[in-house]
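Here's the structure we're looking at; comments come further down.
The values are calculated or read from the model by the stated rules, or taken from the named source; none is laboratory data. Just so you know, these numbers come straight off a predicted model, no measurement behind them. Cβ placement follows ideal geometry from the backbone for every residue including glycine, while neighbour counts extend to all protein chains displayed.
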Amino acid sequence: MNIEELREYCLSKHAVSEHFPFDDDTLVFKVAGKMFCLISIAQPNTCNLKCIPEKSLELRANYKGIIPGFHMDKTHWNTVSFNLDVPHSLIVDLIDLSYQLVCNNLSKKVKKEAGISQH
């Protein structure tokens, strides 16, 4: 995975937009206005993704390339490295999970306005 692939994949998801809310370096992907992925433009070898707390502990135990989220809530966010032992397919799955977790927490009204299906 690289920053171009990550950007393209994130933007392919429904109701996703990209922003620089913190500085000129941190690219943030949001679904219906809520963050689900962050990446540094200057050092694009990791990204931060939301995760289920129990799954985070398991992932961190099994992969050197998954650590508690840098500058994030360490219970709910992981920093995922593209250049260590995390397979590309797992990174894609973790992006999907992060996106879905954020979508699941959106209100019915916001989901309807964004055209996100409600499960």
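When you check residue 41 against the structure, is it among the β-branched types (Val, Ile, Thr), within 13 Å of the chain's Cα centre (by Cα) and surrounded by 12 or more Cβ atoms within 10 Å (Cβ to Cβ), yes or no? Full working, then the answer.
Values: among the β-branched types (Val, Ile, Thr): yes; within 13 Å of the chain's Cα centre (by Cα): no; surrounded by 12 or more Cβ atoms within 10 Å (Cβ to Cβ): yes.
Judged against the criteria, residue 41 is not a match.
The rows are residues; the columns are (1) of a type in the set (A, V, I, L, M, F, W, C); (2) over 19 Å from residue 9 (Cβ atoms).
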| position | (1), (2) |
| --- | --- |
| 42 | yes, yes |
| 45 | no, no |
| 71 | no, yes |
| 87 | no, no |
| 98 | no, no |
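The set of residues in region 39-52 being under 22 Å from residue 87 (Cβ atoms) and free of Cβ contacts under 8 Å to residues at least 24 places away in the same chain consists of 40, 43.
Filtering region 1-15 down to residues that are part of a loop (DSSP other than H, G, I, E, B) and not polar (S, T, N, Q), which residue is surrounded by the most Cβ atoms within 10 Å (Cβ to Cβ)?
Within region 1-15, the subset part of a loop (DSSP other than H, G, I, E, B) is 1-2, 12-15.
Okay, now just the ones that are also not polar (S, T, N, Q), so 1, 13-15.
Values: 1: 21, 13: 17, 14: 12, 15: 18.
Top of the filtered list is 1.
Within region 1-33, the set of residues being of a type in the set (Gly, Ala, Ser) and in contact (Cβ under 8 Å) with a residue 24 or more places away in the chain comprises 15, 32, 33.
Taking the residues in region 103-119 that are under 15 Å from the mean Cα position of the chain (by Cα) and assigned to a helix (DSSP H, G or I) as candidates, determine which candidate is farthest from residue 15 (Cα to Cα).
Keep residues of region 103-119 that are under 15 Å from the mean Cα position of the chain (by Cα), which gives 103-105.
The next check asks that each one be assigned to a helix (DSSP H, G or I); those that pass are 103-104.
Working: 103: 10, 104: 13 Å.
Selected residue: 104.
Taking (1) part of a strand (DSSP E or B); (2) more than 26 Å from residue 113 (Cα to Cα) in turn, residue 35 satisfies each apart from (2).
Considering region 48-102, and only residues there that are part of a helix (DSSP H, G or I) and of a type in the set (Lys, Arg), the residue that is surrounded by the fewest Cβ atoms within 10 Å (Cβ to Cβ) turns out to be 55. None of 45, 105 is modelled with pLDDT of 95 or more and of a type in the set (S, T, N, Q) except 45. Only residues that are at negative phi and touching a residue at least 40 places away in the same chain (Cβ under 8 Å) were counted in region 64-119, giving 19.
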